[in-house]
Amino acid sequence: MASTPRTTPRTPPVTVRASAKVNLALGVGPRSEDGFHPLATVFEAVGIHDVITAGPRDDGAITVTVEGAQADLVPTDETNLACRAAELMRSRWAGPHLGADIHIVKSIPVAGGMAGGSADAAGALLACSVLWDIDTGPGDLHDLAAELGSDVPFALIGGVALGRGRGDRLVPVIFRGTHHWVFATAEEGLSTPGVYRRFDELGGGAGDLVPTALIAALTRGDIDAVAGGLGNDLQDAALDLRPELAGVLEAGIEAGAMAGLISGSGPTVAFLVGGEAIGRSVAKSLRGLPRVSAVKLARGPAQGAQLMAGTLEA
Ligand code: C5P
């Protein structure tokens, strides 16, 4: 049962950090009647973070402001996924008088296949549940998250997880070691429904088979086998829509990455590298490419959405 939700004018803002993700494997089955595709995917959260703060309002309004390099690409109206998350939480668990000023500091590429919007939604769910003093458990948060989007439940839990269904039915995976990643982002994002549409037009992929060899490699901490097991059924569709990404993939491998793949529905290209030094040198050669807008280094696995220390004090 929920406690009585409340905020007071002195309720301090609540801040949450949420991570980006990369799909180590993304097996996609044929489109089902509901319009979605059944998946067998292995998510890994990586250390590129958005920071989501929810401040109190008692007039029932929910506002969103965004800062960061790509802030102008993010809507600040009710279509913003963080705003929808706050609205959904309020409609199920709180009263209409409660509001929030949500501020997002964006580092995750926008429309980049790294679940940036989903991370913001997960962050807003967690921040608002604390701000409004709602006694939600992990199951409640998961259900709200799954209503908001396929990648939102994983953004709550982080780490490494196998996702089935739409990617929302999650089982954590044991992993050993740290992965070093280099991400090359593109100026213009790709629409996820558009990539799934092209996937259908191209005749589908290998199917939603659980990548057992990859999961075994993660558990053993066998980085070579992890590199060999990376795969994405949406990659051909993303490359068909953005042929120039093939050159980015090639350049990263030539520069010494162990493996490269399109992240989720793209257009971000992800490279697994053997360590930080080689990561810096791969990043350097990618930065010169004409179609690459930014290059980021990150480690994984990272945590899911977490409250940040020091933000709960009055
Ligand atoms: O759930 P989410 O908002 O992330 O999905 C965005 C769109 O991506 C869906 O509307 C659908 O067109 C497509 N999608 C899909 N199969 C999935 C996940 C997403 O076709 N498993």
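The values are calculated or read from the model by the stated rules, or taken from the named source; none is laboratory data. All figures in this text were calculated on a predicted structure; none of them were measured in a lab. Don't worry about glycine lacking a Cβ; one is built from the backbone with ideal geometry, like all the others, and counts go over all protein chains shown.
Can you name every residue in segment 184-204 that is within 11 Å of the ligand (Cβ to nearest atom), under 18 Å from ALA111 (Cα atoms), outside any loop (DSSP other than H, G, I, E, B) and not hydrophobic (A, V, I, L, M, F, W, C)?
Answer for segment 184-204, where residues must be within 11 Å of the ligand (Cβ to nearest atom), under 18 Å from ALA111 (Cα atoms), outside any loop (DSSP other than H, G, I, E, B) and not hydrophobic (A, V, I, L, M, F, W, C): THR192, PRO193, GLY194, TYR196, ARG197.
Restricted to segment 46-99, and to residues that are surrounded by fewer than 18 Cβ atoms within 10 Å (Cβ to Cβ) and of a type in the set (A, V, I, L, M), which residue is farthest from ASP120 (Cα to Cα)?
So, considering only residues that are surrounded by fewer than 18 Cβ atoms within 10 Å (Cβ to Cβ) and of a type in the set (A, V, I, L, M), the one farthest from ASP120 (Cα to Cα) is ALA61.
Do we have any residue at all in segment 26-37 that's more than 13 Å from the ligand (Cβ to nearest atom) and either at pLDDT 95 or above or not in a strand (DSSP E or B) (or both)?
no
Give me a count of the residues in segment 220-236 that are surrounded by fewer than 19 Cβ atoms within 10 Å (Cβ to Cβ), touching a Leu at 6+ places or on another chain (Cβ under 9 Å) and not in a helix (DSSP H, G or I).
Of the residues in segment 220-236, 1 are surrounded by fewer than 19 Cβ atoms within 10 Å (Cβ to Cβ), touching a Leu at 6+ places or on another chain (Cβ under 9 Å) and not in a helix (DSSP H, G or I).
Which numbered condition in (1) closer than 30 Å to SER293 by Cα; (2) within 11 Å of the ligand (Cβ to nearest atom); (3) in contact with a strand residue (DSSP E or B) (Cβ under 8 Å, 6 or more places away or on another chain) is the only one that ARG164 fails?
(1)
Could you grab me the full set of residues in segment 10-25 that are aliphatic (A, V, I, L, M) and away from the ligand (no atom under 16 Å from the Cβ)?
First pass over segment 10-25, keeping only residues aliphatic (A, V, I, L, M): 14, 16, 18, 20, 22, 24-25.
Matches in segment 10-25: VAL14, VAL16, LEU24.
Here's a check for you: in segment 237-282, which residue that is part of a loop (DSSP other than H, G, I, E, B) and within 22 Å of the chain's Cα centre (by Cα) is nearest to TYR196 (Cα to Cα)?
Our first condition is that a residue be part of a loop (DSSP other than H, G, I, E, B); within segment 237-282, this holds for 242-244, 255-258, 263-268, 274-275.
Applying the additional criterion that residues be within 22 Å of the chain's Cα centre (by Cα) yields 242, 263-268.
Working: ARG242: 14, SER263: 14, GLY264: 11, SER265: 8, GLY266: 11, PRO267: 13, THR268: 16 Å.
Looking at residues that are part of a loop (DSSP other than H, G, I, E, B) and within 22 Å of the chain's Cα centre (by Cα), I get SER265.
Given the conditions (1) surrounded by 13 or more Cβ atoms within 10 Å (Cβ to Cβ); (2) charged (D, E, K, R); (3) more than 20 Å from GLY116 (Cβ to Cβ), which single one is not true for LYS21?
If we test LYS21 against (1) surrounded by 13 or more Cβ atoms within 10 Å (Cβ to Cβ); (2) charged (D, E, K, R); (3) more than 20 Å from GLY116 (Cβ to Cβ), just (3) comes out false.
Pairs, please: C-beta under 8 Å, at least 6 apart or cross-chain, first residue in a helix (DSSP H, G or I) and in segment 53-74, second modelled with pLDDT under 95?
As it stands, the answer is LEU73/VAL110; LEU73/ALA111; LEU73/GLY189, since those pairs meet every condition given.
What's the number of the only condition in (1) within 11 Å of the ligand (Cβ to nearest atom); (2) at positive phi that GLY159 fails to meet?
The number of the failed condition is (1).
Does ALA115 meet the test of being within 16 Å of the ligand (Cβ to nearest atom), among the small types (Gly, Ala, Ser) and surrounded by fewer than 24 Cβ atoms within 10 Å (Cβ to Cβ)?
Numbers: within 16 Å of the ligand (Cβ to nearest atom): yes; among the small types (Gly, Ala, Ser): yes; surrounded by fewer than 24 Cβ atoms within 10 Å (Cβ to Cβ): no.
When the stated conditions are applied, ALA115 does not pass them.
Need the failing condition index for PHE175 against (1) in contact with a Cys (Cβ under 8 Å, 6 or more places away or on another chain); (2) part of a loop (DSSP other than H, G, I, E, B); (3) not acidic (Asp, Glu), just the number.
(1) is the only condition that PHE175 fails.
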